[in-house]
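Asks: Let me begin by handing over the structure; questions about it come next.
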Amino acid sequence: MRSIFRTSALLLAFLVFGLIVAGCQAAPAVEPTKAPVAATQAPASPAAGAMTDVGTPRSETLIFQTFDRQTANPDQHNPLMAYAQWRGFRELAWGYLWEMDTGTGKSYNELAADFPEVLNKEYTQFRVKLKQGIYWSDGVEFTADDVVYTLETILKNKDKITLGGARTISNYVKSAKKIDNYTFEVETTGPKYDFITVFGTYTWGANLTILPKHVYEKQADVITFRNTNPVTLGPYTLKQFDPNGYWALWQRREDWKRSAWGWMGEPKPKYVLYKDFGPEETRLLAFIQNQYDVDTFMSPDSIKAAQAKNPAVTTFSKTMPYHNMNDACPYGVLINQHKSPLDKPEVRWALALSLDLQSVGVNSMSGEFKASPLPMADTEILRPLYFEPLLPWLKDFALSDGYKPFNANFSPELAARLQKMGQPASALPQGDKALSEAFGVGWWKYDVAEAEKLLTSVGFKKNSAGAWLQPDGSVWQLEFVIPGDWNKVMQRIGFSMADSWKKFGIQVNARQVDQAEHTSVQNNNSQLQTELMWTSCTFTANYVNAWRTISAQYLKPANDTTPITGNPFRWNNTKAHALAAEAQTLPTDSARFREIGQELLKEFVKDMAWIGIMNIPTTIPTNEYYWTGFPKQDNFYSVPYSWWSSAREMIVNIKPTGKR
Amino acid sequence: MGLIKYIAGRVGVYLVVLFTGITIIFFLPRFMPGDPIEGYIGRMQYQAGQTLSAEDVESLRASLRELYGLTGSLPSQYLGFIKRVFISGDFGPSLAGYPRPVSEYIATALPWTLGLLTMTTILAWTTGNLIGLFAGFFHNKRIATVLEVIGVTLYPIPYYILALVLIILFAYIWPIFPLSTTIMPGALTMQKVGEIFRNSFLPGMALVLAGFGWNVLGMKAMAYSTKEEAFVNYARLKGTPPFTIMIHYVWRNAFLPQITALALHMGMIFNGAILTEMLFSYPGVGSLIRSAIGNGDYNMIYGTLSLSIVAVATTALAIDLLYPLFDPRIRYK
């Protein structure tokens, strides 16, 4: 009995002792502001300044909130498999043949000395010259041997590689050969007009990550090889990582000038830390305390709270919608067009016209969004290519009953509404052009009378409770699948959309699901009615990636239980099929290619084959206490995303503030 | 002979529970709407910013089915699973983290879970029961009322709120503990022990406070009712000192159900503390289970839940076998 008391007393003493020890620690350096702004750790010495939790000087460390929170496979650094993509690998470590300027959408040379030389008129043979004087982080020179070895390894292990990009390469390349140390040739499996973006970067990532031949050829099995201490091409090397997947620390190479992108200029931070700071509640506190510099997808409410406490927290733009809207993927409603009653265009149009998008955006995103009526994001790159040329057509477009559904005044109306709600005029863009650039070219009218007319025209009726009945008399139950907690922005938007439809009398079941189920629903006809999705990602004039499978051959019966392999829109439109097929036979920079893109967009609209909602609101606030010069609307050298090649542009362009 | 029969009966039940539990967890994920392959393909589809072509999707799907061991009929997969689990304890590779084995994930996460939850469960149990005992035995004293009020106040606070309050107090307003966990890899030195302690303190404190109230209330009720029993009154009338009554008469009887509760809590430790891990970015089994369910990672679900089933069943067996030592009535039977 006494021993139990003794043990309890010891445990209590331990607890108290722990409190005392922790309490005795020096208080963190506090900046003289009203907010409780604290550095990450107490200074090691007054001269050294604050230190990070991983023991580096805070003033020399750029800290990103990790995109994927806790990584599932922290010691897996083999780019043939998944997980060596985030936490600095794509951004700092790997080198690519061609990179993409995220501000303009134009490809530029990184490891390649020039764009590929097309060797035959069939577009199946390509010659690539490499830059000289680029070295791996262990001092071995990068040559054509590395590229050819990588391609051959991918082809040889095709069925064991699980990374999607490598799978694309394995189906794209027929053979590769070295010509000399700095030249190689590739033969593709068919005519290829997108060689630069398939072998280089398109939007955020690249299919082909080049392996160091001198490391990999010594491995018994390149698939199970984890590459825990990776030899890399970028100007940073992996210094340390958390075995539990919460952080990774990178250190600048001494010889960064001869790395893959050393030519871009000096990478300013000596260290780059990717770290998870927990859910939004704790992230917000850490952000206010200057514990990290760049966030990923913080909600508008939290950003406002952070700004109120810490003036160093800034958004992309000083006026609404405050955030950069140039992500390649739009949010929209994926519809199973095979299933009744969604197989009728009148029903799909009724869904679009009964959606009060202004209310949805105000309720879920505080009005900080940019609408897009097309299955494409209304970005600065795509607007002059597809949106502006189609604007007159959109304004004139009429449904079969003669009704013109497009609302070109969507943005001014939204701005007026926001002003009425209390937004100061200084926070809103001024003038039609600025409003259009901020909130979009327009969207569909919120017109429940026309939506009602459309539903009635195909046999729908409303019952006494105001619920819509299908032509067979049953209540129309619409299942709308939305992401759960794993994508809170979409979750909020989804619930708000369901609310809008419910007000119109549609019995919506907004079902939030985990990520695996979300994809299962997307790919399975039997599970899909409607789903909030980000399919249809296009970043440049080249839309083939998004629409190449719009074809009859990938259509399956309405309730088929086997997963689809293409045509996620379940779109049976002969003209669209022909256009998508023709686009794949053309150079992506040709006038006809672009014209086909515009024609396809028109077909999408006529059929309302996908209800485009808005650009992804990339809410990425920065904290400029230790570093300044991040990409902003008035300093737009790249998009502000920390997980694209823009991270490289950011790293060479930012400057230390001198605060320690 | 009676003892052997007693032990054999308990061990028999234990084995049946294990087999049934592990069989159920094989089939359970198969009824989930998420599919590990489709989930993985979905993630891959956009990883390079390039939608996979139909040919890529088809070949990736076929490869994954083969690599993940999802080919063949369900009964044949079940037999293979039972054979692997019961003979070699092998749960195969994680489907979301292929080809890393599930056992490696568990081996990395488990020490954190065990360390944090064992410590906090025992602390919450010990302090809660001690306070509950005093509060119940001396129920008419003011200090007992105060202690009870503390228990009643803490008990209903949702864990998430309680933990957030602690974070705001001790990591934000008075920033003496880190907001999120950062533990440097490397050998276990005294410095590292201190680092672990500093990083674990807030998560631990949140768990102790969350479990403490329940123990206070449970023990207080038991102690209060036991002290009114006839044998306690008899001891009191005989002139037995109050402290002796409290320890030898009340506590020994009142703590029996609490022992069962402690043992079951210890078994549940293997489930991890999902909210704690999420809030504090603390490593552990809870986040493995959470992400396994989210990704439809069958093998990870099998591995983590089997661990939990084995732990709960084993602690239940241990209670059954050890209970006679605490309770002479069972020994007598």
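Asks: For B:Ala254, state whether it is within 21 Å of B:Val310 (Cα to Cα) and crowded, with 21+ Cβ neighbours inside 10 Å.
Replies: Values: within 21 Å of B:Val310 (Cα to Cα): no; crowded, with 21+ Cβ neighbours inside 10 Å: yes.
Here the answer is no, as B:Ala254 does not meet what is asked.
Asks: Say whether the condition of being at pLDDT 95 or above and in contact with a strand residue (DSSP E or B) (Cβ under 9 Å, 6 or more places away or on another chain) is met by at least one residue in region A:158-173.
Replies: To start, the set of residues in region A:158-173 that are at pLDDT 95 or above comprises A:173.
Restricting the remaining residues to those that are in contact with a strand residue (DSSP E or B) (Cβ under 9 Å, 6 or more places away or on another chain) gives A:173.
Looking for residues that are at pLDDT 95 or above and in contact with a strand residue (DSSP E or B) (Cβ under 9 Å, 6 or more places away or on another chain), one finds at least one in region A:158-173, hence yes.
Asks: Kindly check whether there is at least one residue in region A:390-397 that is more than 29 Å from A:Leu478 (Cβ to Cβ) and within 14 Å of chain B (Cβ to nearest Cβ).
Replies: No, region A:390-397 has no match at all.
Asks: Sticking with this structure for a sec: Could you check region B:262-290 and list, in sequence order, the residues that are under 26 Å from B:Gly92 (Cβ atoms), within 12 Å of chain A (Cβ to nearest Cβ) and surrounded by 23 or more Cβ atoms within 10 Å (Cβ to Cβ)?
Replies: B:Glu277, B:Pro283, B:Gly284, B:Val285, B:Gly286, B:Ser287, B:Leu288
Asks: Scanning for something buried (at least 24 other Cβ atoms within 10 Å of the Cβ), aromatic (Phe, Trp, Tyr), under 30 Å from A:Val458 (Cα atoms) and modelled with pLDDT of 95 or more, does region A:348-356 turn up at least one residue?
Replies: There is at least one residue in region A:348-356 that is buried (at least 24 other Cβ atoms within 10 Å of the Cβ), aromatic (Phe, Trp, Tyr), under 30 Å from A:Val458 (Cα atoms) and modelled with pLDDT of 95 or more.
Asks: Does A:Trp256 qualify as being away from chain B (no Cβ under 14 Å), touching a helix residue (DSSP H, G or I) at 6+ places or on another chain (Cβ under 7 Å) and either under 30 Å from A:Pro212 (Cα atoms) or buried (at least 24 other Cβ atoms within 10 Å of the Cβ) (or both)?
Replies: Details: away from chain B (no Cβ under 14 Å): yes; touching a helix residue (DSSP H, G or I) at 6+ places or on another chain (Cβ under 7 Å): yes; either under 30 Å from A:Pro212 (Cα atoms) or buried (at least 24 other Cβ atoms within 10 Å of the Cβ) (or both): yes.
Here the answer is yes, as A:Trp256 does meet what is asked.
Asks: Given A:Glu582, A:Glu649, which one is outside any loop (DSSP other than H, G, I, E, B) and surrounded by fewer than 18 Cβ atoms within 10 Å (Cβ to Cβ)? Working first, answer last.
Replies: Working: A:Glu649 fails: surrounded by fewer than 18 Cβ atoms within 10 Å (Cβ to Cβ).
That would be A:Glu582, the only listed residue that is outside any loop (DSSP other than H, G, I, E, B) and surrounded by fewer than 18 Cβ atoms within 10 Å (Cβ to Cβ).
Asks: Among (1) hydroxyl-bearing (Ser, Thr, Tyr); (2) more than 30 Å from B:Tyr160 (Cβ to Cβ); (3) surrounded by 24 or more Cβ atoms within 10 Å (Cβ to Cβ), where does A:Tyr274 come up short?
Replies: Result: A:Tyr274 fails condition (2) only.
Asks: While we're on this one: When residues of region B:163-185 are filtered for being more than 9 Å from chain A (Cβ to nearest Cβ) and without any contact (Cβ under 8 Å) to a residue 60 or more places away in the chain, how many remain?
Replies: Of region B:163-185, the ones more than 9 Å from chain A (Cβ to nearest Cβ) are B:163, B:165-166, B:169.
So of that shortlist, the ones also without any contact (Cβ under 8 Å) to a residue 60 or more places away in the chain come out as B:165-166, B:169.
Selection size over region B:163-185: 3.
Asks: Which count do you get for residues in region A:449-466 that are open to solvent by less than 10 Å² (accessible area, probe 1.4 Å) and either β-branched (Val, Ile, Thr) or in contact with a strand residue (DSSP E or B) (Cβ under 7 Å, 6 or more places away or on another chain) (or both)?
Replies: 2
Asks: Restricting to region A:487-542, count the residues that are of a type in the set (Val, Ile, Thr) and in a helix (DSSP H, G or I).
Replies: Start the filter on region A:487-542 by keeping residues that are of a type in the set (Val, Ile, Thr), which leaves A:489, A:493, A:506, A:508, A:513, A:519, A:521, A:530, A:535, A:538, A:540.
Checking which are in a helix (DSSP H, G or I) leaves us with A:489, A:493, A:519, A:521.
So the count comes out to 4.
Asks: Which numbered condition trips up B:Ala62, out of (1) open to solvent by 30 Å² or more (accessible area, probe 1.4 Å); (2) among the aliphatic types (A, V, I, L, M); (3) modelled with pLDDT of 85 or more?
Replies: The number of the failed condition is (3).
Asks: OK, next. Hey, among A:Glu479, A:Glu517, which residue is open to solvent by less than 60 Å² (accessible area, probe 1.4 Å), more than 27 Å from A:Ala578 (Cα to Cα), touching a Pro at 6+ places or on another chain (Cβ under 6 Å) and within 13 Å of chain B (Cβ to nearest Cβ)? Explain how you work it out, then say what you get.
Replies: Working: A:Glu479 fails: touching a Pro at 6+ places or on another chain (Cβ under 6 Å).
The match here is A:Glu517.
Asks: Right, another one. State the number of residues belonging to region A:221-248 that are β-branched (Val, Ile, Thr), open to solvent by 10 Å² or more (accessible area, probe 1.4 Å) and more than 10 Å from chain B (Cβ to nearest Cβ).
Replies: 4
Asks: So, restricting to helices (runs of 4 or more DSSP H) that lie completely within region A:120-220, which ones have at least 1 residues that are crowded, with 20+ Cβ neighbours inside 10 Å, within 14 Å of another protein chain (Cβ to nearest Cβ) and touching a residue at least 24 places away in the same chain (Cβ under 8 Å)? Show your work before the answer.
Replies: On the way: elements: A:144-156, A:164-172, A:195-199, A:213-216.
Passing ranges, in order: A:144-156, A:164-172, A:195-199.
Asks: In region B:275-284, is there at least one residue being farther than 19 Å from A:Asn244 by Cβ and free of Cβ contacts under 8 Å to residues at least 40 places away in the same chain?
Replies: No: region B:275-284 contains no residue that is farther than 19 Å from A:Asn244 by Cβ and free of Cβ contacts under 8 Å to residues at least 40 places away in the same chain.
Asks: A further question follows. Restricting the search to region B:186-213, which residues are away from chain A (no Cβ under 12 Å), over 15 Å from B:Thr276 (Cα atoms) and in contact with a helix residue (DSSP H, G or I) (Cβ under 7 Å, 6 or more places away or on another chain)?
Replies: The answer is B:Gly213, and nothing else.
Asks: Oh, and also: Within region A:74-119, restricting attention to residues that are within 11 Å of chain B (Cβ to nearest Cβ) and charged (D, E, K, R), which residue is nearest to A:Ser638 (Cα to Cα)?
Replies: Looking at residues that are within 11 Å of chain B (Cβ to nearest Cβ) and charged (D, E, K, R), I get A:Arg90.
Asks: For region B:137-149, what are the residues that are part of a helix (DSSP H, G or I), within 26 Å of B:Tyr249 (Cβ to Cβ) and open to solvent by 30 Å² or more (accessible area, probe 1.4 Å)?
Replies: Start the filter on region B:137-149 by keeping residues that are part of a helix (DSSP H, G or I), which leaves B:137, B:142-149.
Those still in the list that are within 26 Å of B:Tyr249 (Cβ to Cβ) too: B:137, B:142-148.
Within region B:137-149, B:Arg142, B:Ile143, B:Thr145, B:Val146, B:Leu147, B:Glu148 qualify.
Asks: From the list B:Leu70, B:Leu64, B:Leu60, B:Leu28, pick out the single residue that is in a helix (DSSP H, G or I) and either more than 10 Å from every other protein chain (Cβ to nearest Cβ) or over 25 Å from A:Phe225 (Cβ atoms) (or both).
Replies: Details: B:Leu70 fails: in a helix (DSSP H, G or I); B:Leu64 fails: either more than 10 Å from every other protein chain (Cβ to nearest Cβ) or over 25 Å from A:Phe225 (Cβ atoms) (or both); B:Leu60 fails: either more than 10 Å from every other protein chain (Cβ to nearest Cβ) or over 25 Å from A:Phe225 (Cβ atoms) (or both).
When all the criteria are applied, what remains is B:Leu28.
Asks: Could you tell me which residue of region A:527-548 is nearest to the other protein chains (Cβ to nearest Cβ), considering only residues that are open to solvent by less than 10 Å² (accessible area, probe 1.4 Å) and β-branched (Val, Ile, Thr)?
Replies: So, considering only residues that are open to solvent by less than 10 Å² (accessible area, probe 1.4 Å) and β-branched (Val, Ile, Thr), the one nearest to the other protein chains (Cβ to nearest Cβ) is A:Thr535.
Asks: Can you pull out the residues in region A:599-608 that are open to solvent by less than 10 Å² (accessible area, probe 1.4 Å) and closer than 16 Å to A:Tyr386 by Cβ? Steps first, please.
Replies: First pass over region A:599-608, keeping only residues open to solvent by less than 10 Å² (accessible area, probe 1.4 Å): A:600-601, A:604-605, A:608.
Residues satisfying the conditions are A:Leu600, A:Leu601, A:Phe604, A:Val605.
Asks: Among the listed residues B:Gly80, B:Gly69, B:Gly89, identify the single one that is under 30 Å from A:Arg167 (Cα atoms), open to solvent by 30 Å² or more (accessible area, probe 1.4 Å) and free of Cβ contacts under 8 Å to residues at least 40 places away in the same chain. Spell out how you get there, then give the answer.
Replies: Details: B:Gly80 fails: open to solvent by 30 Å² or more (accessible area, probe 1.4 Å); B:Gly89 fails: under 30 Å from A:Arg167 (Cα atoms).
Going through B:Gly80, B:Gly69, B:Gly89 in turn, the sole match is B:Gly69.
Asks: Can you pull out every residue in region B:89-136 that is within 11 Å of another protein chain (Cβ to nearest Cβ), among the aromatic types (Phe, Trp, Tyr) and not in a loop (DSSP other than H, G, I, E, B)?
Replies: B:Tyr105, B:Trp112, B:Trp125
Asks: Here's another thing I want to ask about it. Name the residue that is farthest from the other protein chains (Cβ to nearest Cβ), counting only residues in region B:291-304 that are surrounded by 24 or more Cβ atoms within 10 Å (Cβ to Cβ) and hydrophobic (A, V, I, L, M, F, W, C).
Replies: B:Ile301
Asks: It is to be established whether one or more residues within region A:400-419 are assigned to a loop (DSSP other than H, G, I, E, B), at pLDDT 95 or above, open to solvent by less than 20 Å² (accessible area, probe 1.4 Å) and over 15 Å from A:Pro321 (Cα atoms).
Replies: Taking every residue of region A:400-419 in turn, at least one turns out to be assigned to a loop (DSSP other than H, G, I, E, B), at pLDDT 95 or above, open to solvent by less than 20 Å² (accessible area, probe 1.4 Å) and over 15 Å from A:Pro321 (Cα atoms).
Asks: Got a number for residues in region B:120-136 being over 20 Å from B:Thr260 (Cα atoms) and either open to solvent by 30 Å² or more (accessible area, probe 1.4 Å) or modelled with pLDDT of 90 or more (or both)?
Replies: Just the residues of region B:120-136 that are over 20 Å from B:Thr260 (Cα atoms), to begin with: B:134-135.
Subsequent filtering for residues that are either open to solvent by 30 Å² or more (accessible area, probe 1.4 Å) or modelled with pLDDT of 90 or more (or both) retains B:134.
Here the count works out to 1.
Asks: Which condition does B:Tyr159 not pass, out of (1) open to solvent by less than 20 Å² (accessible area, probe 1.4 Å); (2) under 18 Å from B:Leu117 (Cα atoms), if it passes all the others?
Replies: (1)
The values are calculated or read from the model by the stated rules, or taken from the named source; none is laboratory data. It should be emphasised that the depicted structure is a prediction, and the values quoted were computed from it without experimental measurement. Cβ: placed from backbone, ideal geometry, glycine included. Neighbour counts: every protein chain shown. Please note that ligands, DNA and RNA were not included when accessible areas were found on the heavy atoms of the full protein model with its side chains. Shrake-Rupley method; radii C 1.70, N 1.55, O 1.52, S 1.80 Å.
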